[in-house]
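Peer 1: Sharing a structure below in structure tokens format, with a few things to ask.
The values are calculated or read from the model by the stated rules, or taken from the named source; none is laboratory data. Bear in mind that the values here come from a model prediction, so they are computed numbers and not experimental data. Heads up, the Cβs are rebuilt from the backbone with ideal geometry, glycines too, and the neighbour counts pull from every protein chain shown.
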Amino acid sequence: MTKDDLIKYSAGQVKSNKKLFSRFVELYLESGGRQSDCFGCVFSSTFNKWKYEAIGKNQEKKTIMSYKNTFKLSNKAPKTIYIPMSGSLLLPSSSDELAIMYLTQNDKKNFEDRSKLFDKLPDALIKEQPKKKVKKSK
């Protein structure tokens, strides 16, 4: 059984199965871990740390989204806007994600009313809206 196979199990499953437990101890010691006097007492936390580290090495690092603020609230808008159902507050310095959440909440039912509070909508939201075709007259 490889490390990838063992990662699929929870700490409780490994601890209750003698084969899985002994295989984990082997892999843990091979990877530089040390066995304490009461290995069973600290097993869950040790296994979870080992599993987290093993999963981290197997997966690519995820890129963290950069903080963007491309919208501008109008002067008529309150300084803080409560976003219903999320408990968040939208401020002039908030991220675009919060602004988009506020504008598109409830399947965009309130989009027109809420968009009046903005002088400039977030860039990501502007790109999503379909452009209207304008007929040229000859």
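Peer 1: Only one of (1) surrounded by 10 or more Cβ atoms within 10 Å (Cβ to Cβ); (2) modelled with pLDDT under 85 fails for I64. Which number is that?
Peer 2: (1)
Peer 1: Here is a further query. With R114, R23 as the choices, which residue is within 30 Å of K3 (Cβ to Cβ), modelled with pLDDT of 85 or more and in contact with a helix residue (DSSP H, G or I) (Cβ under 9 Å, 6 or more places away or on another chain)?
Peer 2: Working: R114 fails: within 30 Å of K3 (Cβ to Cβ).
Just a single option satisfies the conditions, and that option is R23.
Peer 1: Determine, yes or no, whether S22 is touching a residue at least 24 places away in the same chain (Cβ under 8 Å), among the small types (G, A, S) and assigned to a helix (DSSP H, G or I). It would help to see each step written out before you state the result.
Peer 2: On the way: touching a residue at least 24 places away in the same chain (Cβ under 8 Å): no; among the small types (G, A, S): yes; assigned to a helix (DSSP H, G or I): yes.
In short, no.
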